[in-house]
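Below is one structure, written out as C-alpha cells, with a few remarks after it.
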Amino acid sequence: MPRSARSGCLKAALITFGILAAVALVVGLLLYRTLTNFDSRREMMALRSGLEVTDEHLRYSPGMDGIMWSRFTVEAKGIDEVFDTSQVDVSEFDQPGYQLEMNRINDRWWDVKGRKLTGGSIEVRNDEFMHVGYVDNGDGTLTVYIYWFEV
C-alpha cells in the first residue's frame, strides 16, 4: 500500500476514533446528569413545591427496584416545611437517634455515620418507601438525608 494511502487510512481512523470518543463522552455526561439531577427527582421525594435547597446531592439507580439517596440543606424551622404534607405524614420523622447508615453507599457527601439524626420511615406511594433523617443545624437550617427505594 502506498504511503499516502496508509496516511489517509490512519487519518480516517483517528477521525473516526475522535468522533466515537466525543459521542461516548456526551452520552456519559448525559447519563451522569440523569442519575444525579436533584430537581428531576423532587416529586419522587415528595418535597414541598417551591422548596429552595442548597448543597444538594443525589444518586439514583433506576430499575425494577430503583433506589435513590440524597442529601440537601434547606432553610426551615421544622421538617414539616420540607415535605408536601398531603403526600407525607411528617409526624413519622420524629424519632430521635434515628439510624440511616447504608453500608453500600460510598459517596463522600453521604456523611450520616456518627450524626445524631431525627427521622423515620414511611411508604410514600404503593411500593415506594423513604427513610428520612435530618439534623437541625441550629442556624435556621436543616440538613436532610433521604434514602428512597421501591420494592
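The values are calculated or read from the model by the stated rules, or taken from the named source; none is laboratory data. Since the model is a prediction, treat every value here as computed from it, not as a measurement. As a convention, Cβ positions derive from the backbone with ideal geometry for all residues, glycine included, and neighbour counts pool all protein chains shown. Side chains are part of the model used for accessible areas, which takes the heavy atoms of the whole protein and leaves out ligands, DNA and RNA. Shrake-Rupley method; radii C 1.70, N 1.55, O 1.52, S 1.80 Å.
Count of the range 72-109 residues, restricted to those that are hydrophobic (A, V, I, L, M, F, W, C), assigned to a loop (DSSP other than H, G, I, E, B) and at pLDDT 95 or above, is 3. If you filter the range 102-140 down to residues that are open to solvent by less than 20 Å² (accessible area, probe 1.4 Å) and not hydrophobic (A, V, I, L, M, F, W, C), you find that the one that is nearest to Thr73 (Cα to Cα) is Gly133.
Applying a threshold of 6 Å to beta carbon distances and a minimum spacing of six or more residues, or different chains, the list of pairs starting in the range 74-87 at a residue that is polar (S, T, N, Q) and ending at one that is surrounded by 13 or more Cβ atoms within 10 Å (Cβ to Cβ) reads Gln87/Ala46.
In the condition set (1) at pLDDT 95 or above; (2) surrounded by 16 or more Cβ atoms within 10 Å (Cβ to Cβ); (3) more than 13 Å from Leu47 (Cβ to Cβ), Tyr60 is compliant with all but (1). Candidates are the residues of the range 141-151 that are in a strand (DSSP E or B) and β-branched (Val, Ile, Thr); the one that is surrounded by the fewest Cβ atoms within 10 Å (Cβ to Cβ) is Thr141.
Scanning the range 63-80 for residues that are touching a helix residue (DSSP H, G or I) at 6+ places or on another chain (Cβ under 9 Å) and surrounded by fewer than 18 Cβ atoms within 10 Å (Cβ to Cβ) returns Glu75, Gly78, Asp80.
Identify all residues within the range 108-151 that are charged (D, E, K, R) and more than 13 Å from Arg71 (Cβ to Cβ); write none if there are none. Those that are charged (D, E, K, R) and more than 13 Å from Arg71 (Cβ to Cβ): Lys116, Glu123, Arg125, Asp127, Glu128, Asp136, Asp139, Glu150.
The set of residues from the range 88-101 being open to solvent by 40 Å² or more (accessible area, probe 1.4 Å) and within 20 Å of the chain's Cα centre (by Cα) comprises Gln99, Glu101.
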